[in-house]
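Data first, discussion second: the structure below is written as structure tokens.
Nothing in this text is a laboratory measurement; each read-out follows from the coordinates by a stated rule. Note that the structure is predicted; figures quoted are calculated from it, not measured. Positions of Cβ are generated from backbone atoms using ideal geometry, with glycine treated the same way; all protein chains shown enter the neighbour counts.
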Amino acid sequence: MTWRVSPREHERWRIANEDEKGFWLGLSEEEFRAQERGYRALAEQLERRIATWGVRPDYRVLQIGCAAEDTVFFMKGAARYAVDPLADFYKAHFRRSNNPGVDYRKGVGEEIPFPDSSMDVVICQNLLDHVANYDVVLEEVKRVLDRPNLAFFGTDVYPQHVAEARWARLEKGEVFDVQHPHTFTESTLEATLEAHGFEILERYPPQPAGKGDESHRHCLYARSR
């Protein structure tokens, strides 16, 4: 692979992806349907925001890390694209991953397989705490976004005291919570986005993270300057 991550980051990413396969294979149809309701609701919300913030009507939307299916699969009237490192696995095991309206490709956020300024909207739902290197991912998101644009970020975050404990363990080199190698608070997430040149447009109330710990999902809209 040519994408810019360290050997340690890549190895943890590889282990997490193997674990991810088991997670999806273990989901019941009832759980898939419950997730689908959330994807549809977010798709409708995104379409309303796109109309509000001046993105062109024939917009091109990319979702990074969409797994078996996600929000982009339920959007309407757009050129829809998706990338995931396990895309081939999902398409082989899940009929719902073979949506003829979505150009779904194998790829990573650290090396998005699309040209500069090729997208109007990018969806990063449940992504940044999973990737090998979120700084590189955000550089790539900026690279593929045209102007004007809209980006959605939905990221699990922790209270300050929990985040500090997790950061301390990471500093010691501990490997834990292999699916979520990065820890954010609301403020560190927003500072990271702003440091990469994103202007935050709208935040909305905390959403359940569903991980059974003290995290919640911090969702916001932004645009690349």
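What is the dipole size for the chain, taken about its Cα centre, with +1 at each Lys and Arg Cβ and -1 at each Asp and Glu Cβ, in debye to the nearest 20?
Details: 30 positive and 38 negative charges, 127 e Å.
Charge dipole of the chain: 620 debye, to the nearest 20.
In loop segments of the range 91-180 as defined by DSSP, the GluC sites (Glu not before Pro) with at most 15 further C-beta atoms inside 10 Å of their C-beta are Glu174.
Using the empirical formula 2.2 N^0.38 Å as the baseline, the Cα radius of gyration of the range 152-199 reaches a ratio of 1.22.
Would you mind classifying the range 109-225 by shape? Square roots of the alpha carbon gyration tensor eigenvalues, ordered a ≥ b ≥ c; an a/c under 1.5 is rounded, otherwise it is prolate if a/b is larger than b/c and oblate if not. Prolate shape, in that a/c is at least 1.5 and a/b is the bigger ratio.
Set against the 2.2 N^0.38 Å expectation for a compact globular protein, the chain has a Cα radius of gyration ratio of 0.97. Coupling constants for the range 173-187 follow from the phi torsions by the Karplus curve (6.51 cos²θ - 1.76 cosθ + 1.60, θ = phi - 60°), and in residue order they are x, 5, 10, 8, 6, 4, 6, 10, x, 10, 10, 10, 9, 4, 6 Hz; glycine and proline get x.
What separates the Cα centres of the range 141-193 and the range 25-103 is a distance of 22 Å.
Classify the range 31-92: rounded, prolate or oblate, from the alpha-carbon gyration tensor (a ≥ b ≥ c, eigenvalue square roots; a/c under 1.5 rounded; otherwise prolate if a/b is larger than b/c)? Mind showing how you got there, number by number?
Values: a/c = 2.96, a/b = 1.51, b/c = 1.95.
The shape class here is oblate.
Total lysine pairs in the chain at Cα distances under 19 Å, for residues eight or more apart or on different chains: 4.
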